[in-house]
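The values are calculated or read from the model by the stated rules, or taken from the named source; none is laboratory data. Keep in mind that what you see is a predicted model, and the values were worked out from it rather than measured. Cβ placement follows ideal geometry from the backbone for every residue including glycine, while neighbour counts extend to all protein chains displayed.
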Amino acid sequence: MIWNKTNRRWTVHFHNVKAKEDAAAGSEFDELLIALYTPRGIFVFRHDLRQGLTATGVCTAIMGSDIFVYGPCGETSWPAALDVMLQKLDASACQHLAHISLNECLLAELAGASHQTTGQVYNDLPLADLSSKARGDRLQALVREVDSMLHPDSAIEDADSDAFGWLRGHCKVKCKSAQLRWCKVSRRWKMYFQNIKLQAFGIRESAKFDQLLLAMYTPRGVYVYRHDLEFAVSTFGVLTAIRGHTVQIAGPRGERKWQAALKAILNKFDAESNGCKRLAVVPFRRLKG
């Protein structure tokens with residue numbers, strides 16, 4: 001349950017639900033159970049495969065649909081918004097199965113057994129409280145300033161296209177940023193840069209930029225690299241044509257310490273086997289304490 005600044009309402013959002021709205025029999029599963037994590041506890045429902053189901057455009061066939069449950073627009077009180085959300089679900093064909101208090105012993109045990117979360121690692125660090133979009137904008141501005149300092153004799157100008165970030169002389173520079181995050185599925189720390197529209201056979205004859213600069217947002221600071229357009233590049237299936245490629249680099253599986261994982265990731269970027277080059281490091285210090 002999160003506050004949606006754009007729509008000014010409390011929202012519960014479930015992603016990538018591969019269900020067919022017109023026929024449950026057409027879905028790849030028999031039942032869909034949803035868990036609403038709220039300040040009042042965890043509410044578990046059996047979903048009816050209809051309530052709040054929303055298509056995601058051309059990506060629906062690949063990524064699935066989304067399910068939204070909204071509170072009233074402009075209602076800032078989460079208890080009031082939650083009451084409305086639960087009423088909507090109860091009024092539909094969804095079935096309320098359980099409510100688990102956040103004070104349950106089992107939840108406390110699970111929380112105690114977990115390692116530091118991504119949020120805890122970045123607590124009190126610059127940019128930590130920003131949205132991904134806002135943080136990305138700040139990091140791009142930082143990298144642009146670094147690029148200007150490294151090329152004092154080149155004019156830095158705004159881009160005339162969304163395909164790249166700025167012009168350095170005649171060089172079209174693209175900047176992408178990513179945060180060092182813990183991935184629960186693969187049990188490792190990762191850096192994941194996405195939506196990079198590189199050259200791809202049958203899709204794009206060439207990239208629409210000349211250089212790709214990567215900003216790695218980590219608890220230690222921001223690492224800026226010039227990418228070689230090849231290292232750790234992956235396609236994104238049929239979505240490559242729409243969203244572009246990804247650059248994904250990970251620490252050792254099972255390594256829970258972000259410091260050790262970051263060292264391994266940096267070693268991969270710095271290896272002589274690729275053409276990436278470290279350009280700068282902007283260190284952090286805690287904003288409190």
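For first residues located in the range 249-270 and at negative phi, partners that are among the hydrophobic types (A, V, I, L, M, F, W, C) and in a helix (DSSP H, G or I) and lie 6+ apart or on another chain with Cβ distances below 6 Å form the pairs Ile249/Ile265; Gly251/Ala261; Gly251/Ala264; Gly251/Ile265; Pro252/Ala264; Glu255/Ala261; Trp258/Val121. Exactly one residue among Val185, Val173, Val222 is under 30 Å from Arg256 (Cβ atoms) and either in a strand (DSSP E or B) or in contact with an Asp or Glu (Cβ under 9 Å, 6 or more places away or on another chain) (or both), and that residue is Val222. Can you give me the number of residues within the range 107-130 that are of a type in the set (S, T, N, Q) and either touching a strand residue (DSSP E or B) at 6+ places or on another chain (Cβ under 6 Å) or modelled with pLDDT of 90 or more (or both)? Residues meeting the conditions: 1.
Among the residues making up the range 197-219, a single one is outside any loop (DSSP other than H, G, I, E, B), out of contact with any Ser or Thr (no Cβ under 7 Å at 6 or more places or on another chain), of a type outside the set (Ser, Thr, Tyr) and over 18 Å from Gly165 (Cα atoms): Arg204. Residue under question is Lys257, and the condition is that it be surrounded by fewer than 15 Cβ atoms within 10 Å (Cβ to Cβ), touching a strand residue (DSSP E or B) at 6+ places or on another chain (Cβ under 9 Å) and in the same structural domain as Leu180 (by TED's automatic domain parsing); does it hold? When the stated conditions are applied, Lys257 passes them. Selection of strands (runs of 3 or more DSSP E) fully inside the range 7-90 by the criterion of at least 1 residues being at pLDDT below 95 and of a type in the set (S, T, N, Q) returns 9-17, 32-38, 65-70.
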